[in-house]
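Here is the structure we will look at.
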């Protein structure tokens, strides 16, 4: 992982919401040297607060209050449906902070209005962040300066890679592609396991083969200079087994359906912003 920047090592950080994504970020930060007592988490569920305190040693609070006033950065990790109410309630305590939201769909205009601050960054991470292999899309409002961006990058570096976007609207596409993307991989893994068992393999063996194939093919694609179309063609001999499989998928419209599915995910991200960002 990247070396911990001094600005992050001495920063006080707040998290509103203590679920899986927040826990992944917090755990990564602590592993990289951020003192646990520099991190305050607002989490209404008592069981979750107890888990955070026991496992990570951070400060935990049932509701936003004075504990957030010293935070240089506040990470908003609650569901889009409740973000408005939570942000408005916390706003008096976080006026001077930089804000990083991981809530899907909620636009920065809404966040800036609710929080009374223009220093807002939106992020769309994904669940491989739980194992330090995540991908996070980032968009910053104009008031976010270079130092603010650097601090955000240090925070998300604990979960994997990141990509800055120039247009906020592109975050909806990021949500559809990488935010929801792990579920697509799991879906194909399910299908490969099913096919393997139908052809006589044990479920464990089929899953082992499928997992290794995904991991290996992904590594090949990452290391290659050619696009995936060329890589696919290299393993597809006309009349061979791979050709038979791909021909069957094309006939079934698998690629078209897959692309349509991601368009549906992007549309839902837009709808979330419209529905819960007013």
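Residues checked against (1) over 17 Å from residue 178 (Cβ atoms); (2) modelled with pLDDT of 95 or more; (3) touching a strand residue (DSSP E or B) at 6+ places or on another chain (Cβ under 7 Å):
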| residue | (1), (2), (3) |
| --- | --- |
| 100 | yes, yes, yes |
| 109 | yes, yes, no |
| 113 | yes, yes, no |
| 117 | yes, yes, yes |
| 138 | no, yes, yes |
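When you scan segment 57-71, how many residues do you find that are out of contact with any strand residue (DSSP E or B) (no Cβ under 7 Å at 6 or more places or on another chain) and outside any helix (DSSP H, G or I)? First the steps, then the outcome.
First, pick out the residues of segment 57-71 that are out of contact with any strand residue (DSSP E or B) (no Cβ under 7 Å at 6 or more places or on another chain): 57, 62, 65-66, 69-70.
Add one more test, that the residue is outside any helix (DSSP H, G or I), and what stays is 57, 62, 65, 69-70.
Residues flagged as out of contact with any strand residue (DSSP E or B) (no Cβ under 7 Å at 6 or more places or on another chain) and outside any helix (DSSP H, G or I) within segment 57-71 amount to 5.
Considering each of 8, 29, 52 in turn, give the residue that is buried (at least 16 other Cβ atoms within 10 Å of the Cβ) and modelled with pLDDT under 90. Outline the logic, then answer.
Numbers: 29 fails: modelled with pLDDT under 90; 52 fails: modelled with pLDDT under 90.
That would be 8, the only listed residue that is buried (at least 16 other Cβ atoms within 10 Å of the Cβ) and modelled with pLDDT under 90.
With in contact with a strand residue (DSSP E or B) (Cβ under 9 Å, 6 or more places away or on another chain) and surrounded by 15 or more Cβ atoms within 10 Å (Cβ to Cβ) as the only criterion, which of 160, 105 stands out?
On the way: 105 fails: in contact with a strand residue (DSSP E or B) (Cβ under 9 Å, 6 or more places away or on another chain).
One residue alone meets the criteria, 160.
Being within 23 Å of the chain's Cα centre (by Cα) and under 30 Å from residue 274 (Cα atoms) narrows it down to one residue among 34, 82, 58; which is it? Steps first, answer last, please.
On the way: 34 fails: under 30 Å from residue 274 (Cα atoms); 58 fails: under 30 Å from residue 274 (Cα atoms).
Step by step, each of 34, 82, 58 is checked, and only 82 is within 23 Å of the chain's Cα centre (by Cα) and under 30 Å from residue 274 (Cα atoms).
State whether one or more residues within segment 62-72 are within 18 Å of residue 171 (Cβ to Cβ), crowded, with 17+ Cβ neighbours inside 10 Å and touching a residue at least 60 places away in the same chain (Cβ under 8 Å).
Pass one, segment 62-72, residues within 18 Å of residue 171 (Cβ to Cβ): none.
No, because not a single residue in segment 62-72 is within 18 Å of residue 171 (Cβ to Cβ), crowded, with 17+ Cβ neighbours inside 10 Å and touching a residue at least 60 places away in the same chain (Cβ under 8 Å).
What are the pairs with Cβ atoms under 9 angstrom where one residue, in segment 187-206, is exposed (fewer than 14 other Cβ atoms within 10 Å of the Cβ) and the other, located anywhere, is at pLDDT below 95 and in a helix (DSSP H, G or I)? Sequence gap at least six, or different chains.
From residues that are exposed (fewer than 14 other Cβ atoms within 10 Å of the Cβ), there are no pairs.
Enumerate the helices (runs of 4 or more DSSP H) found wholly within segment 206-278, keeping only those where 2 or more residues are within 28 Å of the chain's Cα centre (by Cα). Before you say what the answer is, go through the steps one by one.
Values: elements: 228-234, 241-251, 254-276.
Fully inside segment 206-278 and qualifying: 228-234, 254-276.
The values are calculated or read from the model by the stated rules, or taken from the named source; none is laboratory data. This is a predicted model, so every value here is computed, not measured. Because the Cβ atoms are built from the backbone with ideal geometry, glycine has one as well, and the counts that use them run over all protein chains shown.
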